[in-house]
Protein chains: 2
Amino acid sequence: MSTTHPLDEALQLRHSDLRVGLFTGASTLAYWNMVGPFGGTTAAVLLQAVLRHPDLLGAPIALTVNFAAAVGEGEFEVQATPVRTNRSTQHWTLTQTQLDANGVRQVTTTATVVTAVRRETWGAADLAMPQVPPPAQFASASFGPSGVAWIDQYDMRLVSGSVPTTWDDSGHHSETRLWVRDAQARTLDFCALAAMSDVFFPRVWLRRAKRVPAGTVSITTYFHADAAQMAAIGSGFLLGQACGQQFRNGFFDQSAQLWSEDGQLLATSNQIVYYKE
Amino acid sequence: MSTTHPLDEALQLRHSDLRVGLFTGASTLAYWNMVGPFGGTTAAVLLQAVLRHPDLLGAPIALTVNFAAAVGEGEFEVQATPVRTNRSTQHWTLTQTQLDANGVRQVTTTATVVTAVRRETWGAADLAMPQVPPPAQFASASFGPSGVAWIDQYDMRLVSGSVPTTWDDSGHHSETRLWVRDAQARTLDFCALAAMSDVFFPRVWLRRAKRVPAGTVSITTYFHADAAQMAAIGSGFLLGQACGQQFRNGFFDQSAQLWSEDGQLLATSNQIVYYKE
């Protein structure tokens, strides 16, 4: 058995000699979703390329990942480019590519990242953590599509808004709250936070109590946490909350938050999701 | 006097002969902010490059704009590239550049856009419009930083959460509601919606009742409206709502929504904003 954490395995990137900021990696089956890796893992991989780049300034503030096509099995390339470096902020563009069946390199994913050197300032938390019982009071339950590998990489404890058990079109809200941590203990970091921002099953399933094909098209995550906060959290549970806002003509948006167990808002995330019918 | 609407003037892009998707435009003083054009206008200009591109598929779904540096007066270039075109979705990357004082072309802005051919599906609105009195019951009031040109391009009617009149550190919330439309009548479209998503003054001013330097670093807008809805709205008022979520070590995020007067959620938008102190 490998002693490397499955997320760290997914995040393994090799510097290419071809040019600065070009990395090669490979999709891992541990985080496989239905037709490619879990989108959260892909987001984490792209962020990792920025964190590994020799010219990095500061820490991640914002990450937008656009899922242009399913990532296939095997090798991929990620090009991370710092297109503008200011005194305290840095702007990145990223492209993930893979060879198609004809040997032509195709774009599977694009991303932008903003990093910054943060300074201590006044602060306030205007989005209080919902009052819910602690994780120990909930059973760890596998849910979501069966046979999907990535689900097993997380210890998720549903507080409210579970995947419907009866698909009878009876849904009337789209809010899920859950405790989440890596199934195999791992200290929280920016890549893990980027991945966990995408752990929520499609809101449309809950809202309709109907399982229709759905997939994230674009996700944006803002990082409020810093490295010291995450080190202190270690492998502890985060409280995740996700809610749909508008469902219309094939797309809905989801607003999500991740808090530490002691109520610090670590990340806020939004995504737009395709759905059928 | 020009008969062109100031927004249409700002959106004027010329095709460059150099390569497909390369446009040239110029920043206009009508939307000038403190150290460059209003970010909403810049977002609209980048979206316009996609809408003008000969290979466009469908209509805008998602727009992320990263403000890497202030756009200066005069000419700029926008390169819009469709990096992946699927059956019903298309993924775009964009870069806006300007020559610096040394004649070197520098990146001022990056963006990604997703467009899609939408089909009629089931839908639901889970974010109801707040109940507020109609726009006619509020006075049109110029607010925000005085001497900033772009403010005058909008007819904004503050419902709640105005810019503090006393800067005494007494703030205790960060929610603003306002009615907004173009000051000079113009039928709503995707570019106008992108711009209006950014009309809210910095949440940190309201939250602290303290005016500190602040500027949007990255904004993401999801479009729920289609062209027919916007044509029906015409030049009518939209209800905008914006709220800060987490303020910490130099950055806060803002969640915003825009509804038509009859309660249709047209766009949801999030941004991360730098602030000092």
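Just so it is clear, none of the values below were taken in a lab; they were calculated from the coordinates. These numbers come from a predicted model, not from an experiment. Note: ideal-geometry Cβ built from the backbone for every residue, glycine included; neighbour counts use all protein chains shown.
Averaged over the residues of B:60-69, the number of partner chain Cβ atoms lying within 10 Å of the residue Cβ comes to 6. Shown for residue A:183: label points 7 Å from Cα along the beta-carbon vector, and their distances to the equivalent points in the other copies, 5.9 nm in ascending order. In a simple Cβ point-charge model (Lys, Arg +1; Asp, Glu -1; nothing else charged), region A:135-275 has a dipole of about 440 debye relative to its Cα centre.
Our Cα-only numbers for region B:88-179 put the radius of gyration and Dmax at 20.6, 55 Å. Hull volume per residue, based on the alpha-carbon atoms of chain A and their convex hull, is 150 Å³. Taking the Cα of residue B:8, stepping 7 Å toward and past its beta carbon, and measuring to each backbone N in region B:42-84: which are under 17 Å? B:45, B:48-49, B:52, by backbone N distance to the label point. Summary: within chain B, the longest segment free of chymotrypsin sites (Phe, Trp or Tyr not before Pro) located in DSSP loops with at most 15 other C-beta atoms within 10 Å is B:1-142. For region B:50-99, applying the loop criterion from DSSP together with a ceiling of 10 other beta carbons within 10 Å to the trypsin sites (Lys or Arg not before Pro) yields B:87. Taking other C-beta atoms within 10 angstrom as a stand-in for reagent exposure, B:174, B:260 fall in the order B:260, B:174, fewest first. For peptide B:83-94, the mean count of partner chain Cβ atoms within 10 Å of a residue's Cβ comes to 5. Label point of residue B:137 (7 Å along Cα→beta-carbon): distances to the other copies' equivalent points are 4.1 nm, sorted ascending.
For the pair residue B:229 and residue B:209 in one chain, pulling the backbone fully straight at 0.36 nm per residue adds 3.5 nm over the alpha carbon distance.
The calculated FRET efficiency for residue A:128 paired with residue B:167, based on their beta-carbon distance and R0 = 22 Å, is about 0.25. Note on chain B: with charges restricted to the Cβ of Lys and Arg (+1) and Asp and Glu (-1), its dipole about the Cα centre is near 480 debye. Placing a label point 7 Å from Cα along the Cα-to-Cβ axis, residue B:169 is separated from the same position in the other copies by 5.9 nm, shortest listed first. For region A:6-116, the share of alpha carbon pairs falling in successive 5 Å distance bins from zero is 2, 13, 24, 25, 19, 11, 4, 1, 0 percent.
When the Cα convex hull of region B:1-51 is projected onto planes of every orientation, the mean area is 4.1 nm².
Take A:203, B:105 and order them by how many other Cβ atoms sit within 10 Å, fewest up front.
By the 10 Å Cβ count, ascending: B:105, A:203.
Note that region B:32-45 has calculated 3J(HN,Hα) couplings of 5, 9, 6, 10, x, x, 3, x, x, 5, 4, 4, 5, 5 Hz, one per residue in order, obtained from phi through the Karplus relation 6.51 cos²θ - 1.76 cosθ + 1.60 (θ = phi - 60°); glycine and proline are x.
The H on the amide N of residue B:251, modeled in the peptide plane, is under 5 Å from the matching H of B:275, each at least 5 residues off or on a different chain.
Please name which of A:160, A:125, A:72 has its Cα lying farthest along the dipole of chain A towards the positive end, using unit charges on Cβ (Lys, Arg +1; Asp, Glu -1) and the Cα centre as origin. Result: A:125. Treating r as the C-beta distance of residue B:104 and residue B:136 and R0 as 56 Å, the FRET efficiency rounds to 0.60. Note on the protein assembly as shown: Rg/Rh from Cα positions, Kirkwood definition for Rh, rounded to two decimals, is 0.94.
Round to a whole angstrom and tell me the spacing of the C-alpha centers of region A:58-75 and region A:210-241. Cα centroid to Cα centroid, the span is 14 Å. Counting neighbouring Cβ atoms within 10 Å and putting the fewest first, the residues B:11, B:63, A:127 line up as A:127, B:11, B:63.
Partner lysines whose Cα lies under 22 Å from the Cα of residue B:210, excluding those fewer than 8 positions away in the same chain, are identified as B:276.
Backbone geometry of region B:14-31 corresponds, through the Karplus equation with coefficients 6.51, -1.76 and 1.60 at θ = phi - 60°, to 3J(HN,Hα) couplings of 9, 5, 8, 7, 5, 7, 4, x, 9, 10, 10, x, 8, 6, 10, 5, 4, 10 Hz, x marking Gly and Pro. Given +1 at the Cβ of Lys and Arg, -1 at the Cβ of Asp and Glu and no other charges, the dipole of the protein assembly as shown around its Cα centre is 40 debye to the nearest 20. For the peptides A:44-50, B:24-30, the ranking by packing is A:44-50, B:24-30, with the highest mean count of neighbouring Cβ atoms within 10 Å listed first. The calculated 222 nm mean residue ellipticity attributable to helices in chain B amounts to -3500 deg cm²/dmol, summing -39500 (n - 2.57) over DSSP H runs of n ≥ 4 and dividing by all residues. Shielding of peptide B:211-223 by partners, expressed as the average count of other chain Cβ atoms within 10 Å per residue Cβ, is 4. Hey, how much of the P(r) for region B:132-277 falls beyond 19 Å, as a percent of Cα pairs? Every Cα pair in region B:132-277 considered, those over 19 Å come to 51 percent.
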